[in-house]
Amino acid sequence: MKNLLAPATLQFMVKLNQEARSEAEHADIIAEPGFGKHFTDHMVDICWSEMGSWHRPRVQPYGPIALDPAAAVLHYAQEVFEGLKAYRHADGSIWTFRPEKNAERMQRSAARLALPELPTEYFVESLKQLIAVDARWVPSAPETSLYLRPFMFAKEAFLGVRPAKKVNYYVIASPAGAYFTGGVTPVSIWVTTDYARAGRGGTGAAKTGGNYASSLVAQQEAYDHGCAQVMFLDSETSEYIEELGGMNVVFVYRDGRVVTPESSSILEGITRDSILQLAEDRGLTVEQRRVSIDEVREGVASGDIVEMFACGTAAVVTPIAQFIADGYAIGDADAPAGELTLSLRQELTDIQYGRIPDRHGWLTRLDA
Ligand SMILES: Cc1ncc(COP(=O)(O)O)c(C=O)c1O
């Protein structure tokens, strides 16, 4: 669905929160933010209707959204979302990482879910508008950030199954603590053979709530087996690796190849894309192709595969020690984090936090 308004008309109305958290409350939260537990004082809200396209952009106090019980999203899950972070640099300035990539992915997700596409300029502007009032919520301790969660859903009250004619886009934000506090620790991953995340022609490549709803029982199975996340295989043959519940997966070969699964039903991670670029910059060969679980089993056993890691916005890069499934284990629970894994992680976070030059032009300043 296309838009009628030109970006120049996007004038935000700002209503400040009169009940914003006190300095003391703010300090308590920032000292120990956790992840996804606390939210800033404001949120962005932009309306869309079939007739008026995008309109009424607002920054308003954070708070409940009133929904008609017949709102389409509550019944048919017509929604998409994004996740990215705002980083505070040593000089106090606030930046985000490749936001246009998130905007484009949200446009692709929206197209798949028959939702309107929010122009990239609106998306980036919405983040700047929120930071303009909530800058104090971007923490400054090492590896902390403000997690930004843009989302869009069908608000129209109508029980027929068709694309909604009334949609809202929001941005909320949540201060995030360092993911790994005692050093980057390798994790075990549960390989589910009972459940699939997505199939051919489905919504696997879209960032939409339904994908996560359908992953929850498999994720619970992972926790029950002492694993940090679940890994899904392809739905047709259960032979090929897709991705984890909320991260992409990468394998490092002894000969220096960096290999990641190619599939039309996984989310195209921005962290993965960036890591692969950094690997290529180092002269490593990057391969994006189908990867079978047998290849990984044999590669780990023979020593051809020397490192495995998962990557995504929340934890950046997480080393994988082993894969566990009903009847087998690949790798070793005590395997240390790989050297390349840690060094790529370091380079990426150094760019994000402004500690080394941003040679690819990946950073966008949010507070100016
Ligand atoms: C299912 C899934 N795959 C991959 C990713 C990694 O994507 P990104 O690196 O853009 O955060 C995420 C996290 O957003 C995810 O939820």
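So here's what we get for this one:
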{"quantity": "Near pairs, Cβ below 8 angstrom, 6+ apart or cross-chain, from segment 152-164 (within 11 Å of residue 73 (Cβ to Cβ)) to any residue that is open to solvent by 30 Å² or more (accessible area, probe 1.4 Å) and aromatic (Phe, Trp, Tyr)", "calculated": "154/76; 164/158"}
{"quantity": "Selected residue (only one of 293, 351 is open to solvent by less than 30 Å² (accessible area, probe 1.4 Å), among the aliphatic types (A, V, I, L, M), modelled with pLDDT of 95 or more and within 16 Å of the ligand (Cβ to nearest atom))", "calculated": "351"}
{"quantity": "Unique match (being more than 15 Å from the chain's Cα centre (by Cα) and either away from the ligand (no atom under 16 Å from the Cβ) or exposed (fewer than 15 other Cβ atoms within 10 Å of the Cβ) (or both)) among 250, 230, 259", "calculated": "259"}
{"quantity": "Subset of segment 321-348 [farther than 14 Å from residue 188 by Cα and at pLDDT 95 or above]", "calculated": "338, 339, 340, 341, 342, 343, 344, 345, 346, 347, 348"}
{"quantity": "Single residue of 314, 329 found to be assigned to a loop (DSSP other than H, G, I, E, B), out of contact with any Cys (no Cβ under 7 Å at 6 or more places or on another chain) and open to solvent by 10 Å² or more (accessible area, probe 1.4 Å)", "calculated": "314"}
{"quantity": "Positions within segment 62-83 being under 29 Å from residue 21 (Cβ atoms), in contact (Cβ under 8 Å) with a residue 60 or more places away in the chain and either in a loop (DSSP other than H, G, I, E, B) or out of contact with any Lys or Arg (no Cβ under 9 Å at 6 or more places or on another chain) (or both), in sequence order", "calculated": "62, 65, 67, 79, 82, 83"}
{"quantity": "Those strands (runs of 3 or more DSSP E) lying entirely in segment 190-297 with at least 3 residues touching a residue at least 24 places away in the same chain (Cβ under 8 Å) and over 21 Å from residue 324 (Cα atoms)", "calculated": "286-289"}
{"quantity": "Meets criteria (surrounded by 15 or more Cβ atoms within 10 Å (Cβ to Cβ), more than 22 Å from the chain's Cα centre (by Cα) and more than 9 Å from the ligand (Cβ to nearest atom)) for residue 282", "calculated": "no"}
{"quantity": "Positions within segment 302-316 being out of contact with any strand residue (DSSP E or B) (no Cβ under 8 Å at 6 or more places or on another chain) and either more than 16 Å from the ligand (Cβ to nearest atom) or free of Cβ contacts under 8 Å to residues at least 40 places away in the same chain (or both), in sequence order", "calculated": "302, 303"}
{"quantity": "Within segment 16-53, tally of residues that are of a type in the set (A, V, I, L, M, F, W, C), over 19 Å from residue 151 (Cβ atoms) and either part of a helix (DSSP H, G or I) or open to solvent by 60 Å² or more (accessible area, probe 1.4 Å) (or both)", "calculated": "7"}
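So that you can scan it fast, the table gives a plain yes or no per residue for (1) more than 22 Å from residue 100 (Cβ to Cβ); (2) within 16 Å of the ligand (Cβ to nearest atom); (3) assigned to a strand (DSSP E or B):
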| site | (1), (2), (3) |
| --- | --- |
| 318 | yes, yes, yes |
| 343 | yes, no, no |
| 347 | no, yes, no |
| 361 | no, no, no |
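The values are calculated or read from the model by the stated rules, or taken from the named source; none is laboratory data. All values reported here derive from a predicted model rather than from experimental measurement. Counting neighbours? That spans all protein chains shown, and the Cβs are built from the backbone with ideal geometry, glycine included. For the accessible areas, the whole protein counts, side chains as well, though only heavy atoms, and no ligand, DNA or RNA atoms are used. Shrake-Rupley method; radii C 1.70, N 1.55, O 1.52, S 1.80 Å.
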